[in-house]
Amino acid sequence: MGPEWEPLVDLWWKLEESTGFDVGKGKGFTTKNRPDQMRVWIGRGHTGVAPELMVNSFAKNWWKWWKTLNPDWRLPDGQDGELVQEGSGSWKSLMLPGQNGLLGPITCLKWWHERLETEDQRAEWKRAVEDVTWVLRGMNA
C-alpha cells in the first residue's frame, strides 16, 4: 500500500497495545457523516469483502466523517475548514480502542486504496493517510 501506510499501522498498533488491546465493544464513534459502507461492514460483524464504493464520493464522505471525529481545536474554521496539523490539545474524542474506534476510519482508508484509479485519487488518499498518521503520533505522545 506504499511506504506511507506502515507508520500509520505501527502507530495504531502501539496505541491499541497501550490499552491492552481492549476489544472496545459498545460505544463507538458517532455515525454522523460516517460513510454508508462502514454501516454495511459493521452489520457483517467487521468481516467480509470490502463494500462497493465510488472513490471520489467515498473520499469526500471519509473526510467529512474524519472532521466530525476530530477535536474542535483541529478545525479552527469549523467543519467546512481544513484540519490543522499544529498545536496540541485533548485527543479524547478519538480515544476509542478496539473494533469501534480508529479501526473504522483506518479500514476505510484500506478500502479507498483498493479502488484507486488515478494519481489525483492517490494523492488525496495519501493526504488522508498522512493526517491520520499525524493524529496517531499526537495520541501516542
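Since every read-out is calculated from the coordinates, none of them should be taken as a lab result. Keep in mind it's a predicted model, so treat the numbers as computed, not measured. Note: ideal-geometry Cβ built from the backbone for every residue, glycine included; neighbour counts use all protein chains shown.
From the alpha carbon gyration tensor of segment 1-99, can you work out the equivalent ellipsoid semi-axes (sqrt of 5 times each eigenvalue) and give them in Å, largest to smallest?
22, 20, 15
Where in segment 1-56 are there trypsin sites (Lys or Arg not before Pro) that are in a DSSP coil and have at most 12 other Cβ atoms within 10 angstrom of their Cβ?
Passing sites in segment 1-56 are Lys25, Lys27, Lys32, Arg44.
Listed here are the pairs Lys27/Lys60; Lys64/Lys110; Lys14/Lys92; Lys64/Lys126; Lys32/Lys92; which of them are more than 21 Å apart at the Cα?
Among Lys27/Lys60; Lys64/Lys110; Lys14/Lys92; Lys64/Lys126; Lys32/Lys92, the Cα-Cα distance tops 21 Å for Lys27/Lys60.
What GluC sites (Glu not before Pro) does segment 57-137 have in DSSP loop regions with at most 13 other beta carbons within 10 Å?
Of the GluC sites (Glu not before Pro), the ones in loops of segment 57-137 whose Cβ has at most 13 other Cβ atoms within 10 Å are Glu82, Glu86, Glu117.
In bins 5 Å wide, starting from 0, what share of all Cα pairs of segment 48-91 does each bin hold, as a percent?
Each 5 Å bin holds this share of Cα pairs: 5, 21, 24, 18, 13, 9, 9, 2.
In segment 1-59, which chymotrypsin sites (Phe, Trp or Tyr not before Pro) are in a loop and have at most 15 other Cβ atoms within 10 Å, using DSSP for the loop call?
Of the chymotrypsin sites (Phe, Trp or Tyr not before Pro), the ones in loops of segment 1-59 whose Cβ has at most 15 other Cβ atoms within 10 Å are Phe21.
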